[in-house]
Amino acid sequence: MARRHPAAASPAGEVPLRRPFHGRRHGRRLRAGQQSLLGDLLPRLAVTLPPGGRLDPAALFAPPDDGQGRPLWLEIGFGAGEHLAWQAGANPEVGLLGAEVFVNGIAQLLRRIDADGLDNVRIFQDDARDLLTALPEASIGRAFVLFPDPWPKARHQKRRLIQPDALDHMARVMTDGAELRLATDDLAYARWMLEVLVAHPDFSWLAEGPDDWRQRPEDWPPTRYQAKAEAAGRSPVYLRFARSARPR
């Protein structure tokens, strides 16, 4: 059953129901080491949204050695965390913010953070749409949505993450020229993504030829989900869009 949260009071004083969340939060029983990381490491990395206010991304990370603010990248639904951890290790000057509700995946990311000594990752353990609402405008320099649930049944397609209203929120928080990267192994969802994004006025498709969506870029590491899709004979589609410049 979908979980509903109480939201801020309406002008009439009533407390409306917030949007439902669809998706798994728990999988197999966690091992003792994973439980320990959830209890000890996660509280130090967890992002808590201020009630009724805007999140300050600069407060999430210590400034880099040059004293300048860190660029902030966002991954929505990081799964087991392979991609997010790789990007954090390859880009130590960037702050990586990951949103995921699946506890088992969070535990796997924590294991990678602990093993690799990563200090530039923060985790939001709830609905990414709430995080997008709290982030300030033009605060995200790159965003990733990789292999989201395609919700293939027609009656469930409204649950898909890539929707016009979600892209409105993404466009608001992304800086001009920021890159949005998406991947899916479901061709119907790939067509959906293209239709919605190409029609959106704030995003431009960066592809110049077929290889741009058939080949994974070098700075886009493989994941187990990608390998699983390819082993099953499904060819992933890799999409890159840029956030258009805001009117002056």
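One way to sum up the overall shape of the chain is the equivalent ellipsoid from its Cα gyration tensor, whose semi-axes run 25, 23, 22 Å, largest first.
With both labels modelled 7 Å from their Cα along Cα-to-Cβ, the Arg234 to Glu218 distance reads 2.9 nm. Exposed loop sites here are GluC sites (Glu not before Pro) assigned a DSSP state other than H, G, I, E or B and surrounded by at most 13 other beta carbons within 10 Å; excluding them, the longest clear run of the chain is 15-92. With θ taken as phi - 60° and the Karplus curve 6.51 cos²θ - 1.76 cosθ + 1.60 applied, the whole-hertz 3J(HN,Hα) list for the range 177-190 is x, 4, 9, 10, 10, 9, 9, 7, 10, 9, 5, 5, 6, 4 Hz, x standing for glycine and proline. With the Cα gyration tensor of the range 169-214 giving a ≥ b ≥ c as the square roots of its eigenvalues, does the rule (a/c under 1.5 for rounded; else a/b larger than b/c for prolate; else oblate) give rounded, prolate or oblate? Here the range 169-214 falls in the prolate category. Largest GNM mean-square fluctuation among Ser36, Ser139, Ser204, using the chain with Cα springs under 10 Å: Ser36. Its Cα gyration tensor gives the range 36-100 an equivalent ellipsoid. The semi-axes, each the square root of 5 times an eigenvalue, are 19, 18, 12 Å from largest down. Sequence-ordered 3J(HN,Hα) estimates for the range 75-85 from the Karplus curve with 6.51, -1.76 and 1.60 and θ = phi - 60° stand at 10, 9, x, 7, x, 8, x, 4, 5, 4, 5 Hz, glycine and proline given as x. The distance from the alpha carbon centre of the range 30-101 to that of the range 163-196 is 22 Å, rounded to a whole number. Find the percent of Cα-Cα distances in the range 143-248 that exceed 20 Å, and round it to a whole number. Counting every Cα pair in the range 143-248, those more than 20 Å apart make up 39 percent. Across Gly141, Gly52, Gly89, mean-square fluctuation computed from a Gaussian network of the chain (C-alpha pairs under 10 Å connected) peaks at Gly52. Taking Arg224, Arg111, Arg181 in turn, the Gaussian network model of the chain (Cα-Cα springs below 10 Å) assigns the largest fluctuation to Arg224.
Scanning residues 5 or more positions from Ser139 or on other chains, those with amide H under 5 Å from its amide H are Met174, Thr175, with H placed 1.01 Å from N in the peptide plane. Each residue of the range 72-189 gets 110 Å³ once the volume of the Cα convex hull is shared out per residue.
Computed from the coordinates by the stated procedures, all read-outs in this text should not be read as laboratory data. Note that this is a predicted model, so its numbers are computed, not measured. Cβ atoms come from the backbone with ideal geometry, glycine included; neighbour counts cover every protein chain shown.
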